[in-house]
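All remarks here apply to the structure that follows.
The values are calculated or read from the model by the stated rules, or taken from the named source; none is laboratory data. Just so it is clear, the model here is predicted, and its values are computed rather than measured. All Cβ positions, even for glycine, are placed from backbone atoms using ideal geometry, and neighbour counts span all protein chains on display.
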Amino acid sequence: MKRATLKTTIAALTIATVAAMTATPSIAGGSISVSLTPQDAEQEKAMRAGLMIFGIVNGIKNGGHIGQNGNGNTAGLGQNGSGNLGIVHQEGDGHNGTVQQNGNNNAHGLFQFGENTDGHVAQNGNGETGATFQFGW
């Protein structure tokens, strides 16, 4: 994806998120989820590097991390294979998230913010990379 297209996509997602949040009454619950998958080798290297940097900053060892800051959260991480990096990071309350990796050299980060999001990622194969961001209110 070209830089201009990526910037346009990010800007559109930001506008849609703000519009959704302001259009919903504060007492109503809801969520928005954005999943990113690299489209070429350069994007894959950049995303994998970002996930690895997150791992270094958060002291991830043995290819997996579950981090929770809040109440009533549930998370799981399953890995079958070698060289996998799986992250479930939750900020807020009432999140439910899992990452399941079957194969080798996969990397995925599931990041949940706000409250009451529900996300589950499965990678089956080798060398897959991705990130999922969920925001709940």
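Taking residue 54 as the residue in question, decide whether it is free of Cβ contacts under 8 Å to residues at least 60 places away in the same chain and assigned to a strand (DSSP E or B). No, not satisfied.
Could you tell me whether residue 79 is assigned to a strand (DSSP E or B), under 17 Å from residue 38 (Cβ atoms) and of a type in the set (S, T, N, Q)? No; evaluated as a whole, the condition is false for this residue. The selection criterion, being within 24 Å of residue 137 (Cα to Cα), surrounded by fewer than 18 Cβ atoms within 10 Å (Cβ to Cβ) and either touching a strand residue (DSSP E or B) at 6+ places or on another chain (Cβ under 8 Å) or modelled with pLDDT of 95 or more (or both), does not hold for residue 58.
Results for (1) in contact with a Gly (Cβ under 6 Å, 6 or more places away or on another chain); (2) of a type in the set (Asp, Glu); (3) in a loop (DSSP other than H, G, I, E, B), shown as yes or no for each residue.
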{"position": "66", "(1), (2), (3)": "no, no, no"}
{"position": "86", "(1), (2), (3)": "yes, no, no"}
{"position": "97", "(1), (2), (3)": "yes, no, no"}
{"position": "105", "(1), (2), (3)": "yes, no, yes"}
{"position": "112", "(1), (2), (3)": "yes, no, no"}
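Of all residues assigned to region 29-41, none qualifies as being at pLDDT below 95, loosely packed, with under 13 Cβ neighbours inside 10 Å, out of contact with any Phe, Trp or Tyr (no Cβ under 7 Å at 6 or more places or on another chain) and not polar (S, T, N, Q). Only one of the listed residues (131, 107) is touching a strand residue (DSSP E or B) at 6+ places or on another chain (Cβ under 9 Å) and either within 27 Å of residue 29 (Cβ to Cβ) or surrounded by fewer than 17 Cβ atoms within 10 Å (Cβ to Cβ) (or both). That residue is 131.
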